[in-house]
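Notes follow once the structure below has been shown.
The values are calculated or read from the model by the stated rules, or taken from the named source; none is laboratory data. This one's a predicted model, so the numbers in the text were calculated from it and none came from an experiment. Neighbour counts are summed over all protein chains in view; Cβ atoms, including those assigned to glycine, are modelled from backbone coordinates with ideal geometry. Surface areas here come from the heavy atoms of the whole protein model, side chains and all, with no ligands, DNA or RNA. Shrake-Rupley method; radii C 1.70, N 1.55, O 1.52, S 1.80 Å.
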Amino acid sequence: MPPTSKPDGADADEQKLVCVNCVQEFTEAANYNGACCYHPGAYGRAGLIKKGNGWSCCARESNEKGCVLGRHTTEFEEHHRLIEDMEKIMKRANARASSLKGSVH
């Protein structure tokens with residue numbers, strides 16, 4: 001991962017935006033790699049990773065710090081693509097676990 005470095009202070013008149021990943025306010029001038037800490041997965045049943053609920057990306061609890069660092073963004077496309085990919089992986093893993101569980105006598 002590239003080193004994180006904060007740019008010089010943000011312009012006071014610059015428009016404040018809300019990040020779709022971490023839901024924090026930010027300005028483009030104050031945005032840098034490492035400013036955003038979030039979970040790219042979906043929250044729900046963690047499946048094979050652990051019993052109960054957790055993030056599909058790392059199985060952490062809902063109130064735990066994100067597992068990915070990046071730049072703030074207002075674009076949903078990348079965020080939703082990552083969630084969809086992770087959900088597909090979890091469905092395949094859960095289906096595989098169910099089939100294995102059924103084959104054990």
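If you take the residues in the range 30-47 that are aromatic (Phe, Trp, Tyr) and at pLDDT 90 or above, which one is surrounded by the fewest Cβ atoms within 10 Å (Cβ to Cβ)? It would help to see each step written out before you state the result.
Step one: list which residues in the range 30-47 are aromatic (Phe, Trp, Tyr), which gives 32, 38, 43.
Narrowing further to those that are at pLDDT 90 or above: 32, 38.
Working: 32: 16, 38: 22.
Step by step, filter the range 30-47, then rank; the result is 32.
Cβ-Cβ contacts under 9 Å between residues 6 or more apart (or on different chains), taken from a first residue in the range 30-46 that is free of Cβ contacts under 8 Å to residues at least 12 places away in the same chain to a second residue that is of a type in the set (A, V, I, L, M), are listed as 45/90.
Looking at 50, 101, 91, can you tell me which residue is modelled with pLDDT of 75 or more, open to solvent by 40 Å² or more (accessible area, probe 1.4 Å) and either of a type in the set (D, E, K, R) or part of a loop (DSSP other than H, G, I, E, B) (or both)? Break it down into steps so the answer makes sense when it comes.
Working: 50 fails: modelled with pLDDT of 75 or more; 101 fails: modelled with pLDDT of 75 or more.
Every option except 91 fails the conditions.
Scanning the range 10-29 for any residue that is open to solvent by 40 Å² or more (accessible area, probe 1.4 Å), among the aromatic types (Phe, Trp, Tyr) and modelled with pLDDT of 70 or more turns up nothing. All told, residue 81 meets the bar of being in a helix (DSSP H, G or I), at pLDDT below 85 and either closer than 26 Å to residue 99 by Cβ or basic (Lys, Arg) (or both).
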